[in-house]
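*Asks:* Have a look at this one before I ask anything.
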Amino acid sequence: IYLTNADGIVITNTEIVNAGSCGILLDVYPQNTIISNNLIHQIGKTGVQIRAENLSSVDKTIYNTVDNNHIYEVGIKVGHGSGIEIIGAAYNTISHNRIHDTSRYAIDIKGTPMVDYLIGQIIDGIKVTEDNVIDFMRAHDNIIEFNDLSNANLDSQDTSVIESWGGGPN
């Protein structure tokens, strides 16, 4: 399932199986989307991905919820696949999911892009410096709670069950 620029969509009580890349991909400014009570398995890369696009000084990919899903056997085609991945998105809630048998992370939160890349960029007319770089780190204030995570990192190294880098505060 691929949603772009979506607001207020609900995906519930669905089985997603044998997807080549992502089971569900929320892309280009999804907001207020709820993904709940789904069975997502045998996925090529990532079960659920919430991804912001482009550099911005404003949070645009926000307030999405991934709750009470069973996600397993992800990353079967790609060794760095995840159960759930947040890239550059803020104020999302990932809760009460059962995630297992992942090639790399069960849950992955990444800023977009890395801090070293941001410094020196001009974003929305503002020069990014060491003093204000945190204002441009978009994967902040995400809540990860009450998930059952196991049997991760089956095809990767230098990893953990929950991974985060460059996300920003909170």
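*Asks:* Yes or no: segment 148-168 includes at least one residue that is under 22 Å from A6 (Cα atoms), open to solvent by less than 60 Å² (accessible area, probe 1.4 Å), at pLDDT below 90 and not acidic (D, E).
*Replies:* no
*Asks:* Then there is this: Provide a single number: the residues in segment 57-88 that are crowded, with 24+ Cβ neighbours inside 10 Å and either closer than 16 Å to T46 by Cα or in contact with a Lys or Arg (Cβ under 6 Å, 6 or more places away or on another chain) (or both).
*Replies:* Count: 12.
*Asks:* Mind checking which residues of segment 104-117 are over 16 Å from the mean Cα position of the chain (by Cα) and surrounded by 16 or more Cβ atoms within 10 Å (Cβ to Cβ)?
*Replies:* V115
*Asks:* Under the condition of being within 19 Å of S95 (Cβ to Cβ) and hydrophobic (A, V, I, L, M, F, W, C), which residue from segment 39-56 is most open to solvent (accessible area, probe 1.4 Å)?
*Replies:* In this case the residue turns out to be L39.
*Asks:* Mind checking which pairs have a first residue in segment 1-23 that is touching a residue at least 12 places away in the same chain (Cβ under 8 Å) and a second that is assigned to a loop (DSSP other than H, G, I, E, B) and open to solvent by 60 Å² or more (accessible area, probe 1.4 Å), Cβ under 7 Å, 6 or more apart or different chains?
*Replies:* Listed by first residue and then by second, the contacts come to L3/I9; D7/N32; G8/N32; I11/I1; T12/N37; N13/N37; I16/I1; G20/K77.
*Asks:* I've got another one for you. Within segment 1-49, which residues are within 19 Å of A139 (Cα to Cα), among the hydroxyl-bearing types (S, T, Y) and out of contact with any strand residue (DSSP E or B) (no Cβ under 6 Å at 6 or more places or on another chain)?
*Replies:* Y29
*Asks:* With (1) farther than 19 Å from N13 by Cβ; (2) open to solvent by less than 10 Å² (accessible area, probe 1.4 Å); (3) assigned to a strand (DSSP E or B) as the list, and D101 as the residue in question, which single condition is left unmet?
*Replies:* All conditions are met except number (2).
*Asks:* Would you confirm, using the coordinates I've provided, whether V128 is within 19 Å of P169 (Cα to Cα) and in contact with a Leu (Cβ under 8 Å, 6 or more places away or on another chain)? Walk me through it before giving the result.
*Replies:* Values: within 19 Å of P169 (Cα to Cα): yes; in contact with a Leu (Cβ under 8 Å, 6 or more places away or on another chain): yes.
The answer is yes for V128.
The values are calculated or read from the model by the stated rules, or taken from the named source; none is laboratory data. Model, not experiment: these values are computed from the prediction. All Cβ positions, even for glycine, are placed from backbone atoms using ideal geometry, and neighbour counts span all protein chains on display. Areas reflect the complete protein model, heavy atoms only, side chains present, ligands, DNA and RNA absent. Shrake-Rupley method; radii C 1.70, N 1.55, O 1.52, S 1.80 Å.
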